[in-house]
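The structure appears right after this line, and notes come after that.
Nothing in this text is a laboratory measurement; each read-out follows from the coordinates by a stated rule. Here the structure is a predicted model, which is why all the values come from computation and not from measurement. Note that we place each Cβ from the backbone using ideal geometry, even for glycine, and neighbour counts take in every protein chain shown.
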Amino acid sequence: MINRIKKYYNAGWQIINDPFHIKVLQLDKKEVAKTPLRSDIINFLLVKLKRETTYLEIGVRNPADNYDKINSTIKYSVDPGIEYKENPVDFKLTSDDFFSQLKNGKILNQEIKFDVIFIDGLHLAEQVDRDIQNALDFIKDDGFIVLHDCNPPSEWHAREEHNYRLSPARNNWNGTTWKAFVKWRQNQDMFSCCIDTDWGVGVISKSHNIGNPTTVSNPFYDFNVFEKNRKKSLNLVSFDELKKILTLK
């Protein structure tokens, strides 16, 4: 028994002192410290529209984290309640079910258009891609689609399995959201950028030129290719740069 405990202790010691492990921990700590938060960016975009606004949040979890901080004339929230059992949202649905019912006129008004739609639901590329596509059907021409978790600091943060936490990324998980965002960054009909804060706040617009499509080729969405071309792939900018761009418009 003592030898087994010693074996596990030595293995753990080697892992936590591994240079790669230490580097990822440092990247994690650096990202956690970044400001502003996504709520600050969303509120800026809403104010920028200079009108009464309608806001939709997909993937709320605890409303105190973001939803309650948003200043909009009308707000709607969507979450199935998997991660937060209290789930005090307007629509206790998955995003797929919400948009399906919205399109079929079963909830709200199928003609409704939102000024800002914030996507922070299931952080897997296939789902995020669908959420973006659905959001485009209900965003105003001069509105903004905003996404969280577009800039994972490491491949550990970008793992597909949320529940695997024996990693240097610990509980922090961005999933594969970056893949969906990079896919839409290639769309010639869209403008987009990613604010370098709060795990990467992606912004997509039909009409505001906040950034031209990426020219980086990464057909298999390889993380190493993404890492080498991170700035161009995401059009990574600071919040001040975004404010300057939109102020000049």
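For Asn209 and Tyr221 in one chain, what is 0.36 nm times their gap in residues minus the Cα-Cα distance, to one decimal in nm? Don't skip to the end; give the middle numbers.
On the way: separation 12, 0.36 × 12 = 4.32 nm, distance 2.49 nm.
Difference between extended and current length: 1.8 nm.
For region 33-179, the mean projected area of the C-alpha convex hull, equal to one quarter of the hull surface, is 9.0 nm². What the phi angles of region 105-113 give under the Karplus curve with 6.51, -1.76 and 1.60, with θ = phi - 60°, is a coupling list of x, 7, 9, 6, 9, 5, 9, 5, 10 Hz, glycine and proline written as x. Helix 19-32 sits at what angle to the longest principal axis of the chain, using alpha carbons and giving 0 to 90 degrees rounded to 10? Approximately 30 degrees, to the nearest ten.
Scalar couplings 3J(HN,Hα) for region 171-183, obtained by applying the Karplus form with A = 6.51, B = -1.76, C = 1.60 to θ = phi - 60°, are 7, 6, 9, 9, x, 10, 3, 4, 5, 5, 5, 5, 4 Hz; x denotes Gly and Pro. Once Cα Rg over 2.2 N^0.38 Å is calculated for the structure shown, the corresponding label among [x] 1.08; [y] 0.96; [z] 1.00 turns out to be [x].
Close amide H pairs (under 5 Å, H built 1.01 Å from N) link Phe144 with Val116, Ile117, residues at least 5 positions away or on another chain.
Distant-in-sequence amide contacts of Val89, defined by a placed amide H-H separation under 5 Å and a gap of 5 or more residues or a different chain, comprise nothing.
Could you state, as a whole-number percent, how many of the C-alpha pairs of region 81-133 are farther apart than 17 Å? Distances greater than 17 Å cover 43 percent of the Cα pairs.
Taken one residue at a time, the phi angles of region 139-148 give Karplus couplings (6.51, -1.76, 1.60, θ = phi - 60°) of 9, 5, 4, 9, x, 10, 9, 10, 10, 9 Hz. Gly and Pro are set to x.
When both region 150-168 and region 68-134 are represented by their alpha-carbon centers, they are found 24 Å apart.
Express as a percent, rounded to the nearest 5, the fraction of DSSP beta bridges in the chain (both residues included) that run antiparallel.
On the way: 9 of 26 bridges.
In the chain, approximately 35 percent of DSSP beta bridges are antiparallel ones.
Once both axes come from the Cα atoms, what is the angle between helix 125-136 and the longest principal axis of the chain, in degrees from 0 to 90, rounded to 10? Around 10 degrees separate the two axes.
Among Lys103, Lys29, the order by Cβ neighbours within 10 angstrom, fewest to most, reads Lys29, Lys103. Taking amide H as placed 1.01 Å from N in the peptide plane, Cys193 has its amide H under 5 Å from the amide H of Val203, each at least 5 places away in sequence or on another chain. With helices as the sole contributors, the chain gives -10500 deg cm²/dmol at 222 nm; each DSSP H run of n ≥ 4 counts as -39500 (n - 2.57), and the sum is divided by every residue.
Just want to confirm a number: the relative contact order over region 100-211, from Cα pairs under 8 angstrom separated by 6+ residues, in percent. Display every interim value, and only then the final one.
Numbers: 188 pairs, mean separation 30.2, N = 112.
Once normalised by length, the contact order is 27 percent.
Once you reduce region 196-227 and region 29-47 to the center of their Cα atoms, the two points are 17 Å from each other. Helix 38-48 and the longest principal axis of the Cα set of the chain meet at an angle near 20°.
Using a Förster distance of 45 Å, how high is the FRET efficiency between Asp240 and Asn171, based on the Cβ-Cβ distance and rounded to 0.05? Here the calculated transfer efficiency is 0.90. Once the Cα-Cα distance is subtracted from the 0.36 nm per residue extended length, the Glu86 to Val47 segment shows a gain of 11.0 nm.
Of the trypsin sites (Lys or Arg not before Pro) found in region 136-177, those that fall in a DSSP loop while having at most 15 other beta-carbon atoms within 10 Å are Arg165, Arg170.
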